[in-house]
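Here is the structure we will look at.
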Amino acid sequence: MKKKLITNFLWLILLIIYLLVGSHFNIYLFCPIKKVTGLYCPGCGVTRMLLSLLKGQFYQAFRYNPLIFITLPFFIIYYIDYLYALYKNKKNKLHVLEPNIWYVLIGIFLIYGILRNIPLFDFLKPTTI
């Protein structure tokens with residue numbers, strides 16, 4: 001279990017390094033869905049959102065991807081609970097709610113992905129201030 005804990009922390013550190021190095025050299029991965037279809041996926045703008053959060057630009061982070069920005073505290077709490085359960089070698093407390101939460105989130109993300117490509121909902125597209 002300690003190995004999983006260390007692996008998770010390494011992934012988090014790699015993510016931060018990727019964001020910082022990418023911002024310095026302006027090299028990021030492109031969204032394959034946007035590249036192939038021209039449509040915004042529910043995750044478009046997440047890299048820029050995370051980078052804005054690291055810089056303390058919360059409003060800009062919200063503009064890049066409002067849904068991920070709003071749900072980020074949930075993911076952070078869930079991840080902390082998961083890491084704590086790994087550390088204590090127990091099941092995480094949120095485990096009981098897990099299937100229902102994920103089904104609802106998947107539904108919300110699918111609807112969001114559709115809405116952000118409809119002209120009436122242009123405000124959901126990743127934008128700069």
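Where a number appears in this text, it was derived from the coordinates with a stated rule and is not lab data. No experiment lies behind these values; they were computed from the predicted model shown. Reconstructed Cβ throughout: ideal geometry from the backbone, glycine too, with neighbour counts over all protein chains shown.
Each of PRO99, LEU14, PRO119 was placed along the dipole of the chain (beta-carbon charges, centred on the mean Cα), and the one lying farthest toward the positive end is LEU14.
Counting every other Cβ atom within 10 Å of each residue's Cβ, SER23, SER52 order from fewest to most as SER23, SER52.
Scaled against the 2.2 N^0.38 Å expected of a compact globular protein of N residues, the Cα radius of gyration of the chain reads 1.19. Once both labels are positioned 7 Å from their Cα atoms along Cα-to-Cβ, the gap between VAL21 and ILE6 label points is 2.1 nm. Counted by neighbouring Cβ atoms within 10 Å, the residues ASP81, ASP122 run from fewest to most as ASP122, ASP81.
In this structure, the residue pairs whose Cα-Cα separation is over 22 Å, taken from LYS4/LYS90; LYS4/LYS91; LYS34/LYS125; LYS3/LYS91; LYS3/LYS55; LYS3/LYS88, are LYS3/LYS55.
For region 11-113, which trypsin sites (Lys or Arg not before Pro) are both in a DSSP coil and crowded by at most 16 other Cβ atoms within 10 Å? Passing sites in region 11-113 are LYS55, LYS90, LYS91. Taking every DSSP helix (H) stretch of at least 4 residues in the chain, weighting each as -39,500 (n - 2.57) and dividing the sum by the residue count yields a mean residue ellipticity at 222 nm of -22000 deg cm²/dmol.
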